[in-house]
Amino acid sequence: MKLSFKRITSSGGFIPEIDGLRFIAISSVVLFHLSEFLKVKDINRYADTIDYSFLKHIISHGHLGVPLFFVISGFILGIPFAKFHLAKGKPVSLKDYFLRRLTRLEPPYIIVMTILLFGAVYVAEILTPQKGIISYLSSITYTHNFLFPDTLPELNGATWSLEVEVQFYILAPLMAYIFSVRSLSARRLSMIFIAVSFLVINHFVFSPMPFISLIDFFQYFLIGFLLADLYVSDSTLLPKTNCDFLIGLFFFTVIWLFTDADFNTDMQRFLWELMLLISIFFLYYYVLFHKIFKFLSFKVITNIGGMCYTIYLLHASILSLFGNPVCRLTFSKYSFINVSIYSAILLFLVLTISSVFFLLVERPCMAKDWYKKLFKVFF
């Protein structure tokens with residue numbers, strides 16, 4: 001039996017650059033959590049005095065991989081609706097749309113959360129049964145951000161963003177009516193105006209919100225819609241030049257330079273997030289339309305990017321489970337050697353365990369009507 005890590009798409013269409021962008025997003029998130037983990041667990045005293053502050057500063061912004069994912073979600077979910085409204089494509093069945101989201105995403109999520117529940121309560125014993133069940137139910141019903149607004153989910157802290165994603169999935173068909181606006185300039189300017197308006201609302205009207213929700217990140221999903229509009233319309237905003245690679249590299253670099261915490265006032269944070277939004281849009285534009293960064297289409301990159309959902313669900317727990325014993329080992333008195341070995345071991349474990357879960361659980365759930373075939377096997 002031949003193993004394949006290539007994702008299964010319901011439409012049959014495959015855009016390698018999207019999985020390449022997923023690779024960037026998941027890599028930044030995993031490196032961010034790995035850095036935070038080692039910062040706490042690596043208590044070795046080292047002989048070298050190398051200043052890693054700049055590298056740590058960049059990695060500490062790895063959480064920006066989450067909005068990168070949100071833009072991708074807006075792009076991917078926006079394409080079928082954009083095709084219907086702009087390219088005379090087939091209508092989007094809402095029944096199939098929601099069933100696809102349910103059968104594609106829920107099984108891996110529920111399986112992971114169930115394993116973590118039993119692990120946290122009965123193996124690691126870090127949660128009482130009552131706390132474990134409360135965390136479990138609030139996570140699988142995507143209500144933790146509303147019920148416990150000041151804390152991350154106890155079973156799997158990374159899942160807070162999945163609640164935002166689900167809110168978008170529910171509202172996306174309604175949002176997609178913006179593609180029905182016939183005037184190209186009015187349609188695209190409306191998307192830009194709404195995106196900037198949500199930035200203003202988040203920084204000056206509802207700042208800070210009492211809980212995390214789609215409102216905080218609506219602008220990123222909408223930028224994904226704008227990219228879907230351009231993609232389906234086969235539109236280009238800028239001509240190709242010999243400097244495209246450098247331009248794309250510039251926007252890529254800008255994304256990781258700062259984060260909200262680096263600024264003191266709402267106006268500074270607003271201007272920075274506006275620049276971040278612009279940088280992500282143009283990075284994605286140059287990758288998708290001008291095909292810069294050819295390496296993002298390499299098979300190994302798209303395979304890892306293609307299983308980003310599994311990695312996102314599992315990586316924090318793998319770091320916690322294996323990181324503690326690994327960090328008790330000392331390989332060198334020099335920090336760059338020790339930390340490099342720690343990182344290599346833990347990243348290898350994250351990738352290996354995630355690959356197995358992806359092949360056994362997530363990838364089969366990508367197949368359309370997989371549940372019907374499973375039903376026939378047993379009944």
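The values are calculated or read from the model by the stated rules, or taken from the named source; none is laboratory data. What you see is a predicted model, and the numbers here were worked out from it, not measured in a lab. All Cβ positions, even for glycine, are placed from backbone atoms using ideal geometry, and neighbour counts span all protein chains on display. For the accessible areas, the whole protein counts, side chains as well, though only heavy atoms, and no ligand, DNA or RNA atoms are used. Shrake-Rupley method; radii C 1.70, N 1.55, O 1.52, S 1.80 Å.
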Residues in the range 354-365 that are without any contact (Cβ under 8 Å) to a residue 60 or more places away in the chain and open to solvent by less than 60 Å² (accessible area, probe 1.4 Å) total 2
Looking at Gly224 and the list (1) closer than 27 Å to His144 by Cα; (2) open to solvent by 10 Å² or more (accessible area, probe 1.4 Å); (3) within 17 Å of the chain's Cα centre (by Cα); (4) not polar (S, T, N, Q), which single condition is not satisfied?
(2)
Please work out which residue is modelled with the lowest pLDDT, limiting yourself to the range 35-58 and to residues that are of a type in the set (A, V, I, L, M), surrounded by fewer than 17 Cβ atoms within 10 Å (Cβ to Cβ) and not in a loop (DSSP other than H, G, I, E, B).
Leu55
Please specify each residue of the range 279-303 satisfying the condition of being of a type in the set (Val, Ile, Thr) and touching a helix residue (DSSP H, G or I) at 6+ places or on another chain (Cβ under 8 Å).
Ile280, Val287, Ile292, Ile301, Thr302
Flagged in the range 87-109 as open to solvent by 50 Å² or more (accessible area, probe 1.4 Å) and of a type in the set (A, V, I, L, M, F, W, C), in numbering order, are Ala87, Leu94, Phe98, Leu99, Leu102
Residue in the range 204-218 that is part of a helix (DSSP H, G or I), touching an Asp or Glu at 6+ places or on another chain (Cβ under 7 Å) and touching a residue at least 60 places away in the same chain (Cβ under 8 Å) present:
yes
Scanning the range 241-286 residue by residue, those more than 22 Å from Ile59 (Cα to Cα) and open to solvent by less than 20 Å² (accessible area, probe 1.4 Å) turn out to be Asp244, Tyr285, Tyr286
Among the residues of the range 307-365, how many are within 23 Å of the chain's Cα centre (by Cα) and of a type in the set (Ser, Thr, Tyr)?
9
Give the residue, chosen from Lys240, Lys291, that is charged (D, E, K, R) and out of contact with any Asp or Glu (no Cβ under 9 Å at 6 or more places or on another chain).
Lys240
Candidate set: the range 348-379, residues that are among the charged types (D, E, K, R) and part of a helix (DSSP H, G or I); chosen: the one nearest to Arg7 (Cα to Cα)
Arg363
A careful count of residues in the range 170-203 that are surrounded by fewer than 18 Cβ atoms within 10 Å (Cβ to Cβ) and assigned to a helix (DSSP H, G or I) gives 18
